[in-house]
Number of protein chains: 2
Amino acid sequence: MSNELEKLRKELDEVNVELLELINKRGRLVKKIGQIKEKQGMKRFDPVRERNMLNHLLSHHEGPFEYSTIEHLFKEIFKAGLELQEDDHRKALLV
Amino acid sequence: MSNELEKLRKELDEVNVELLELINKRGRLVKKIGQIKEKQGMKRFDPVRERNMLNHLLSHHEGPFEYSTIEHLFKEIFKAGLELQEDDHRKALLV
């Protein structure tokens, strides 16, 4: 394998770990938000807020991915966050 | 809305933008890797390399997400990267 390829793959591994850490940081934030919403009797899923988050991202997007790809990836990330809040809710009911 | 919730949402928006920037940074790296592989006649999709990247992530994962969720999200991210390489390949054929 060329040195250049090896160097890029190392960089890619580092970016992957940074992404992992950010996704988990997002998970911790989403859990905290879920707890506050639960206390205040607010619904966990808020399509308007989700749309606003996506619009905020759209205004920062510069490529190389198509925006539709970014939207797809973030919808998956949002869904995972929602599931995390729902798990917390189920656990709270079991206490 | 409580101040606490508003503060957390602002933090979440910032994390979303950081994620967006990292995903796009990853896209730029993946494009470069694709160009080198193309030149060297290597296949774009390499399941062993993908498994190695996931194992590398597993060793860094601390939650709160289940690892299965992380694996699902990264498979989507990897797929988007592969599509980016394939687009480049198609464009190269059209030149």
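Quick one: would you say B:Lys91 is without any contact (Cβ under 8 Å) to a residue 12 or more places away in the chain and more than 10 Å from chain A (Cβ to nearest Cβ)?
Against the criterion (without any contact (Cβ under 8 Å) to a residue 12 or more places away in the chain and more than 10 Å from chain A (Cβ to nearest Cβ)), B:Lys91 qualifies.
Going by the structure shown, is B:Glu50 within 9 Å of chain A (Cβ to nearest Cβ) and either surrounded by fewer than 16 Cβ atoms within 10 Å (Cβ to Cβ) or not small (Gly, Ala, Ser) (or both)? No; evaluated as a whole, the condition is false for this residue.
Scanning the range A:60-78 for residues that are exposed (fewer than 14 other Cβ atoms within 10 Å of the Cβ) and either under 15 Å from the mean Cα position of the chain (by Cα) or at positive phi (or both) gives A:Gly63, A:Lys75.
Just wondering, is there one or more residues in the range B:12-27 that are of a type in the set (Lys, Arg) and farther than 25 Å from A:Asn52 by Cα?
Initially, the range B:12-27 is screened for residues of a type in the set (Lys, Arg), giving B:25-26.
Now drop any that are not farther than 25 Å from A:Asn52 by Cα, which leaves none.
No, that holds for no residue.
Residues that are of a type in the set (A, V, I, L, M) and either more than 9 Å from chain A (Cβ to nearest Cβ) or in contact with a helix residue (DSSP H, G or I) (Cβ under 6 Å, 6 or more places away or on another chain) (or both) were ranked within the range B:74-88; the one that is nearest to A:Glu83 (Cα to Cα) is B:Ala80. Only one of the numbered conditions (1) at pLDDT below 95; (2) more than 8 Å from chain A (Cβ to nearest Cβ); (3) under 21 Å from B:Asp88 (Cβ atoms) is violated by B:Lys37, and that is (2).
When A:His60 is tested against (1) in contact with a helix residue (DSSP H, G or I) (Cβ under 9 Å, 6 or more places away or on another chain); (2) modelled with pLDDT of 95 or more, just one condition goes unmet, and that condition is (2). A single entry from A:Gly63, A:Gly27 fulfils the requirement of being small (Gly, Ala, Ser), at the interface with chain B (Cβ under 7 Å from one of its Cβ atoms) and under 16 Å from B:Leu20 (Cβ atoms): A:Gly63.
Going through (1) surrounded by 15 or more Cβ atoms within 10 Å (Cβ to Cβ); (2) among the aromatic types (Phe, Trp, Tyr); (3) in a loop (DSSP other than H, G, I, E, B) one by one, A:Phe45 falls short only on (1). When A:Leu84, A:Leu29, A:Leu20, A:Leu57 are checked against the criterion of being buried (at least 16 other Cβ atoms within 10 Å of the Cβ), assigned to a helix (DSSP H, G or I) and touching a residue at least 24 places away in the same chain (Cβ under 8 Å), A:Leu84 stands alone in meeting it.
The values are calculated or read from the model by the stated rules, or taken from the named source; none is laboratory data. Because the structure is a prediction, the values reported are computed rather than measured. Methodologically, a virtual Cβ is constructed for each residue, glycine included, from the backbone with ideal geometry; neighbour enumeration extends over all protein chains shown.
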